[in-house]
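Colleague: Encoded as structure tokens, here's the structure I'll be asking about.
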Amino acid sequence: MKRYQSSLMSDAAFLLLFVLCFVHILFTAGDPNHYLINMILLNVSFLIAIITYFTGLTAGLILNIVFIFGYGTYTIYQTVIVGQPLQAYNYYWLVMTPLLTAIIALLTFSNRRLQQDADQLQKRNATLATLDERTNLKNSRSFQSDATIFMALSNRYKIPLTLLVMTVKHWDELSRMISEAQMTEMIYDISRMSETSIRLNDSLYMLNAERPTWGLLLFTDQDSAKIVVDRLKEKVESFNTVEFSNKYKLDMKLTIGAAQYTPDEVPTPLDFIAKARQKMEYDV
């Protein structure tokens, strides 16, 4: 509801600004006898409005007070000392200049509220998101939630649970050889390849999207997990000779670490990842 009100307020302020600019043009063009003074005051009016837009309502109010005091003093001088009668343009600018400032302040206020709402939504989305946007894989937040459940099931029913952590060897060097679009496509290809290498009841996660790191939770022991590791490496070698060599003009190799869940050594999902990462050091 608040976002709707801010959007409606922004639209109304924009329409009022458009109408007021049109009125300014008609008034200035419709009084050729005072064209020069009207043009000067029009520029002053817009200058105050622009300063208000970039600084805030307080600065706009101060500038309007200075303008009203200065222009009012000038008008009184022209009327009392010079003897020039008050005319329509004298009243017009005393009223319309603060009005333009108020509309600009309203537009700025509503736009800032919309931006704040957008930032809050973006932060909330980042906090609650459980999927990686590039690969549609579950992310590290989802991994921690699932791993906690799987670890409890493994401990209760004595089902072996193994985590594979996988990265692309020499990723930093490889990423400099291809474009960003190709990097995204490569990550997607590896993710799809990994999904076809595991069973339906196993889970694949994108643990780190910046430096691509995948996690595979397997309901099997560490020795049986080696079959999955060998299968993944064989698929990469096969892809290197066909798809990857033609598409990216380079060869890829995976670094994989496997760790089996034990309640004493792995109390939390993050410890599970850390243990699997330690095993990666032996995969050379």
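Colleague: If you go through segment 6-24 one residue at a time, do you hit one that is more than 16 Å from residue 103 (Cα to Cα) and surrounded by 16 or more Cβ atoms within 10 Å (Cβ to Cβ)?
Modeller: Checking segment 6-24: not a single residue is more than 16 Å from residue 103 (Cα to Cα) and surrounded by 16 or more Cβ atoms within 10 Å (Cβ to Cβ).
Colleague: Could I ask something else about it? Checking the conditions here, which among 82, 95 is farther than 20 Å from residue 17 by Cα and modelled with pLDDT under 90?
Modeller: Of the residues listed, the single one that is farther than 20 Å from residue 17 by Cα and modelled with pLDDT under 90 is 82.
Colleague: Okay, next question. Looking only at segment 26-56, how many residues end up being farther than 18 Å from residue 92 by Cβ and touching a Ser or Thr at 6+ places or on another chain (Cβ under 8 Å)? Break it down into steps so the answer makes sense when it comes.
Modeller: Here is the first cut: in segment 26-56, the residues farther than 18 Å from residue 92 by Cβ are 50-56.
After this cut, where a residue has to be touching a Ser or Thr at 6+ places or on another chain (Cβ under 8 Å) as well, the list is 52-53, 56.
Number satisfying all stated conditions: 3.
Colleague: May I ask you to list pairs of residues, at least six apart or on different chains, whose Cβ atoms are under 7 Å apart, with the first in segment 265-283 being within 15 Å of residue 207 (Cα to Cα) and the second being assigned to a loop (DSSP other than H, G, I, E, B)?
Modeller: 272/261; 272/266; 275/265; 275/266
Colleague: Would you mind stating whether residue 95 is over 35 Å from the mean Cα position of the chain (by Cα), open to solvent by 40 Å² or more (accessible area, probe 1.4 Å) and under 22 Å from residue 52 (Cα atoms)? It would help to see each step written out before you state the result.
Modeller: Numbers: over 35 Å from the mean Cα position of the chain (by Cα): yes; open to solvent by 40 Å² or more (accessible area, probe 1.4 Å): yes; under 22 Å from residue 52 (Cα atoms): yes.
Judged against the criteria, residue 95 is a match.
Colleague: Same structure again: Go through (1) acidic (Asp, Glu); (2) over 20 Å from residue 195 (Cα atoms); (3) outside any loop (DSSP other than H, G, I, E, B) one by one and return the number of the condition residue 265 breaks.
Modeller: Failed condition: (3).
Colleague: Have a look at 27, 69, 109, 46 and point out the one that is hydrophobic (A, V, I, L, M, F, W, C) and surrounded by fewer than 11 Cβ atoms within 10 Å (Cβ to Cβ).
Modeller: Of 27, 69, 109, 46, the one residue that is hydrophobic (A, V, I, L, M, F, W, C) and surrounded by fewer than 11 Cβ atoms within 10 Å (Cβ to Cβ) is 69.
Colleague: Let me ask something else. Looking only at segment 132-152, decide whether some residue is over 19 Å from residue 191 (Cβ atoms) and outside any helix (DSSP H, G or I).
Modeller: No; the residues of segment 132-152 include none that is over 19 Å from residue 191 (Cβ atoms) and outside any helix (DSSP H, G or I).
Colleague: If you check every pair at least six apart or on different chains, which have Cβ atoms under 7 Å apart with a residue in segment 192-207 that is under 13 Å from residue 229 (Cβ atoms) and among the β-branched types (Val, Ile, Thr) first and a residue that is open to solvent by less than 60 Å² (accessible area, probe 1.4 Å) and modelled with pLDDT of 80 or more second?
Modeller: 198/204; 198/216; 198/218; 198/228
Colleague: Also, I was wondering about something else. For residue 160, work out the one condition from (1) in contact with a Phe, Trp or Tyr (Cβ under 9 Å, 6 or more places away or on another chain); (2) buried (at least 17 other Cβ atoms within 10 Å of the Cβ) it doesn't fulfil.
Modeller: Of (1) in contact with a Phe, Trp or Tyr (Cβ under 9 Å, 6 or more places away or on another chain); (2) buried (at least 17 other Cβ atoms within 10 Å of the Cβ), only one is false for residue 160: (2).
Colleague: Something else about it: Modelled with pLDDT of 80 or more and open to solvent by 30 Å² or more (accessible area, probe 1.4 Å): does that describe residue 251?
Modeller: On the way: modelled with pLDDT of 80 or more: no; open to solvent by 30 Å² or more (accessible area, probe 1.4 Å): yes.
Taking the combined requirement at face value, the residue does not satisfy it.
Colleague: Quick one: would you say residue 117 is closer than 30 Å to residue 275 by Cα, acidic (Asp, Glu) and within 36 Å of the chain's Cα centre (by Cα)?
Modeller: The answer is no for residue 117.
Colleague: Look through 63, 8, 15, 36 and report the one residue that is over 30 Å from residue 117 (Cβ atoms) and either in contact (Cβ under 8 Å) with a residue 40 or more places away in the chain or in a helix (DSSP H, G or I) (or both).
Modeller: 36
Colleague: List, please: which pairs have Cβ atoms under 7 Å, are six or more places apart or on different chains, and start with a residue in segment 68-82 that is within 20 Å of residue 99 (Cβ to Cβ) and end with one that is of a type in the set (Phe, Trp, Tyr)?
Modeller: That search, which allows pairs on different chains as well, returns 71/93.
Colleague: When the residues of segment 170-225 are filtered to those that are part of a loop (DSSP other than H, G, I, E, B) and of a type in the set (Asp, Glu), which remaining residue is surrounded by the fewest Cβ atoms within 10 Å (Cβ to Cβ)?
Modeller: Per the stated criteria, the residue is 210.
The values are calculated or read from the model by the stated rules, or taken from the named source; none is laboratory data. As the structure is a computational prediction, the values presented were derived from the model and not from experiment. No Cβ is skipped: glycine too gets one built from the backbone with ideal geometry, and neighbour counts run over all protein chains shown. What goes into the accessible areas is simple: the full protein's heavy atoms, side chains included, and nothing from ligands, DNA or RNA. Shrake-Rupley method; radii C 1.70, N 1.55, O 1.52, S 1.80 Å.
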